[in-house]
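Engineer: Quick one: the structure is below, and I'll ask about it shortly.
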Amino acid sequence: MLVTNGGQLDLIRGAQAEIRAARSDADFYAAKISRVWARAARTRAYAGIGPFDPHAFQALAPTPRARLKADPWAFVATDWSGTAKYYETTGTTGQVTPTPRTFEDIVWNAVSVAEAWRSVLHEDDRVAILLPSDIVPVADLVVSTSEYLGLPHVRMYPFTTGISDLDRVIGLWPNLRPTVLFLAPGVAGQLTRFLKQRGQLDGMRESVRRILLLGEVSTPALRSRLGDWWGADVYDASYGSTETGTLAATCPQDRMHLLTTANYFELAAPDGTVTPLSEGARGRLVVTPLNLYARPLLRLDTGDEVVVTERCVCGNAAPVIEVGGRSSDVLRVRGVPLTVRAVEEIVYGVTASTGYLLEADTTGDHARLLLERDVDGDRGREGAEIAAVQDAFDAGLGIRWDSVSFVNLLPRTTKAGGSQKSWKRSNIRIVERVS
């Protein structure tokens, strides 16, 4: 974030003061939502919504994510003269979503995330950012938070051909000796395999204290596996989207706290009923980001299934959620719904595999599971692990795979990192018939 005038500096200081105050009372939300409402009223999507009052807000129908994606420019409230940066979504659900951002958008999101990450980042940290920086905003966010917190950092996405490949990453490592890695789960797995094959993992992990995962849904079992490989604490760093900005961030207990000072949250039931958050409740997350300027959104139905869990012992009073992924990402096998969390807790919990791919026919009646063997895995144990996988799926979910097999290497799409946020695109392959 390059500050060029006193107004921008005042904005950063104001955002910092508001985020640190951590208000989430009714008066705070009414004032913030009224300003979002006024910005939204200038767009085609929300034209004619009338003046703001709390009853009007509650009466406003949620905005389906599909509506936003179908006509994204209808929601834009600025022109190019007010735009500081331009992004697009990865297009994992089909059409990409153009996403202009103003300086205000960037500051508010970066400050809210940085203040949350203070609990897991230390003043003496050195940050390695192994995330894509072209078109999508994820690497820019980590850069902004690192600058805000005063941490030395470098971008080195290992798939930038001609600039930063895996060999360049390895060559840079001894100079920076990073203590914190930001990367996607798929990239973390691929990097680990590569370093194991070269016999370099032990040397490179010596400086690493913490790994923060972004860009994909990650599960506790996978984070535990990565922690064992790297000898580091591994966190599910944040949750959000290009359209909304960041909605939740991790704490030292590796739990996801909603950013309630930056967003107003509700839950949608399967019948569409929208209710306030409450402990133990589950549903699709509905969000009104409080600090979007280029594209203000009112009651956006994210389509993401979440559960509001019990309070955290870390001291942060903000609600804690578990993100189950998008409802559209559920795969049905013999009528049983499978989610990324349910599958990965078994795959990474009972096997030593470094990845997986589900193959199913178009009806879901036949399906098999492919597991990627570790480079130093014990092939003599694979039969027992296959049996354990079948038993775990049978006991936990009531299904058995037509076959479970280990392979040497899975397709690159299963490791594509931040470029593939959709579970169905990265870890599921639909075939005519699985034999």
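Engineer: At 7 Å along the Cα-to-beta-carbon direction for both residue 163 and residue 47, put a label point, then send me their distance in nm to one decimal.
Structural biologist: 4.0
Engineer: Using θ = phi - 60° and the Karplus relation 6.51 cos²θ - 1.76 cosθ + 1.60, list the HN-Hα couplings for the stretch 13-19 in order, rounded to whole Hz, with x at every Gly or Pro.
Structural biologist: Once rounded to whole Hz, the list reads 5, x, 4, 4, 5, 5, 5.
Engineer: Rule-of-thumb check for the chain: C-alpha Rg over 2.2 N^0.38 Å? Can you show the working numbers first?
Structural biologist: Details: Rg = 22.0 Å, N = 435, 2.2 N^0.38 = 22.1 Å.
Normalised by 2.2 N^0.38 Å, the Cα Rg of the chain equals 1.00.
Engineer: Now a separate question. Once Lys and Arg get +1 and Asp and Glu get -1 on their Cβ, which of 181, 256, 33 lies farthest toward the positive end of the dipole of the chain?
Structural biologist: Among 181, 256, 33, the one farthest towards the positive end of the dipole of the chain is 33.
Engineer: Also: Give me the percent relative contact order of the stretch 330-431, please, defined on Cα pairs under 8 angstrom at least 6 residues apart.
Structural biologist: Relative CO of the stretch 330-431 lands at 32 percent.
Engineer: Another one. So which trypsin sites (Lys or Arg not before Pro) in the stretch 347-383 end up in coil per DSSP with only 10 or fewer other C-beta atoms within 10 Å? Intermediate results must be reported in sequence, preceding the final value.
Structural biologist: Working: sites: 368, 373, 379, 381; in loops: 373.
Nothing satisfies the criteria.
Engineer: Give the calculated FRET efficiency between residue 175 and residue 123 to the nearest 0.05, with a Förster radius of 22 Å applied to their Cβ-Cβ distance. If you can, show how the numbers build up before the last one.
Structural biologist: On the way: r = 20 Å, r/R0 = 0.93.
FRET efficiency, residue 175 to residue 123: 0.60.
Engineer: Run the numbers on the stretch 50-203 and let me know its relative contact order in percent, using alpha-carbon pairs under 8 Å that are six or more apart.
Structural biologist: Details: 148 pairs, mean separation 27.1, N = 154.
Relative contact order comes out at 18 percent.
Engineer: What angle do you read, to the nearest 10 degrees and between 0 and 90, between the alpha-carbon axis of helix 103-117 and the longest principal axis of the chain?
Structural biologist: The helix 103-117 is inclined about 50 degrees to the chain.
Engineer: Which percent, nearest 5, of DSSP beta bridges in the chain are antiparallel?
Structural biologist: 60
Engineer: Same structure again: Equivalent ellipsoid semi-axes for the stretch 330-431, as square roots of 5 times the alpha carbon gyration tensor eigenvalues: give them largest first, rounded to whole Å. Before the final figure, lay out the partial values.
Structural biologist: Working: eigenvalues 76, 64, 27 Å².
In descending order the semi-axes read 19, 18, 12 Å.
Engineer: Separate question: Helix-only mean residue ellipticity at 222 nm, the chain, DSSP H runs n ≥ 4 weighted -39,500 (n - 2.57), per residue, nearest 500. What is it?
Structural biologist: Values: 13 runs with 141 residues, N = 435.
Taking each H run of at least 4 residues, the total per residue is -10000 deg cm²/dmol.
Engineer: On a straight-distance basis, which aspartates and glutamates could pair with residue 69 in a cross-link, Cα separation under 18 angstrom, same-chain partners fewer than 8 positions away excluded?
Structural biologist: Here the aspartates and glutamates satisfying the reach criterion relative to residue 69 are 88, 243, 301, 304, 329.
Engineer: What's the center-to-center distance, using Cα atoms, between the stretch 369-404 and the stretch 198-230 in Å?
Structural biologist: Measuring centre to centre over Cα atoms gives 23 Å.
Engineer: Here's another thing I want to ask about it. About the Cα centre, and with charges only on the beta carbon of Lys, Arg (+1) and Asp, Glu (-1), how big is the dipole of the chain? Nearest 20 debye, please. Could the numbers behind the result be given before it?
Structural biologist: Numbers: 48 positive and 51 negative charges, 128 e Å.
Approximately 620 debye in magnitude.
Engineer: Which ³J(HN,Hα) values, rounded to whole Hz and listed in residue order, are derived for the stretch 180-194 from phi using the Karplus coefficients 6.51, -1.76 and 1.60 in 6.51 cos²θ - 1.76 cosθ + 1.60 with θ = phi - 60°, glycine and proline given as x?
Structural biologist: Whole-Hz 3J(HN,Hα) from phi for the stretch 180-194: 10, 10, 10, 6, 7, x, x, 5, 4, x, 5, 4, 5, 4, 4.
Engineer: Where the centre of each part is set by its Cα atoms, how far does the stretch 139-161 sit from the stretch 1-42, in angstrom?
Structural biologist: Computed from Cα coordinates, the inter-centre distance equals 25 Å.
Engineer: Longest segment of the chain with no GluC sites (Glu not before Pro) in a DSSP loop having at most 15 other Cβ atoms within 10 Å?
Structural biologist: Numbers: sites that count: 123, 206, 279, 310, 432.
The longest such stretch corresponds to 1-122.
Bear in mind these aren't lab numbers, they're just calculated from the coordinates by the rules spelled out. What you see is a predicted model; the values in this text were computed from it and never measured. Neighbour counts run over all protein chains shown; Cβ positions are idealised from the backbone, glycine included.
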